[in-house]
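The values are calculated or read from the model by the stated rules, or taken from the named source; none is laboratory data. Not measured: the values here are computed from a predicted model. Don't worry about glycine lacking a Cβ; one is built from the backbone with ideal geometry, like all the others, and counts go over all protein chains shown. Protein only, heavy atoms only, side chains kept; ligands, DNA and RNA dropped before computing areas. Shrake-Rupley method; radii C 1.70, N 1.55, O 1.52, S 1.80 Å.
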Amino acid sequence: MPQFGFYPSQLFWLMISFGILFCAMQFWLLPPVAAIIKQREDKINALLNQARDLTQQAQELETSYQQAMDIATQRSSKMIQRAHDEIAAKTAHQEEELLKHLQENIQKTQYGLKSRQKTVLNNLEKIACTFIQTFLNVCYDLFLPEKELQIQIRKNIKDVKNVQ
């Protein structure tokens, strides 16, 4: 088989062809490909750096947001507590005033009832005295002195008061 033989001219032309192809690849074809690969690598590194920076900024923003929320929560809690305390104080004060006012009204009413009770009892005493004198006079033709009747009526009224 002649194609497997060793021919020096084929070896020479193989070396020349390989050398030309190697030089062409080395100086004309590979540099643009290497430049494109370098550009892509630089772009990927730049994007990675930008992503790291943006991630760091996002974390810083989240931290500052959380701090702001904590401060706002504390402030609102203090404001709510202060409002609650103020309302409790006002309510307690109004409750005290209302109790005082009610006690005053109760005392005035009790005093008024006592005075009316005295007036009613005095009027009852006079009416009872007049009624009994008239009754005894008309029915039995008897006359009792007013002083005696008043003493008896007062005694009966005291007994009724004691029962109540």
Worksheet item: Only one of the listed values, (i) 1, 9, 19, 24, 21, 14, 7, 3, 1, 0; (ii) 1, 9, 17, 20, 19, 15, 9, 5, 3, 1, 0; (iii) 2, 6, 5, 6, 4, 5, 4, 4, 4, 3, 3, 3, 3, 3, 3, 3, 3, 3, 3, 3, 2, 2, 2, 2, 2, 2, 2, 2, 2, 2, 2, 2, 1, 1, 1, 1, 0, was derived from the coordinates as P(r) over Cα pairs in 5 Å bins from 0, in percent; which label is it?
Response: (iii)
Practice prompt. Report the accessible area of residue 120, computed with a 1.4 Å probe over the heavy atoms of all protein chains in place, in Å² rounded to the nearest 10.
Written response: 90 Å²
Worksheet entry | Local electrostatic count at residue 90 - Lys and Arg +1, Asp and Glu -1, tallied over other residues with Cβ under 14 Å | -4
Fill in: Dipole-positive endmost among 136, 113, 123 within the range 102-149 (Cβ charges, Cα centre)
113
Discussion item. Could you report the range 45-164's accessible area per residue, 1.4 Å probe, as an integer in Å²?
Written reply: 91 Å²
Worksheet item: Which helices of the chain meet both criteria: a Cα extent of 15 Å or more along the helical axis and a mean Kyte-Doolittle score no lower than 0.0, with helices taken as whole DSSP H segments?
Response: 8-24
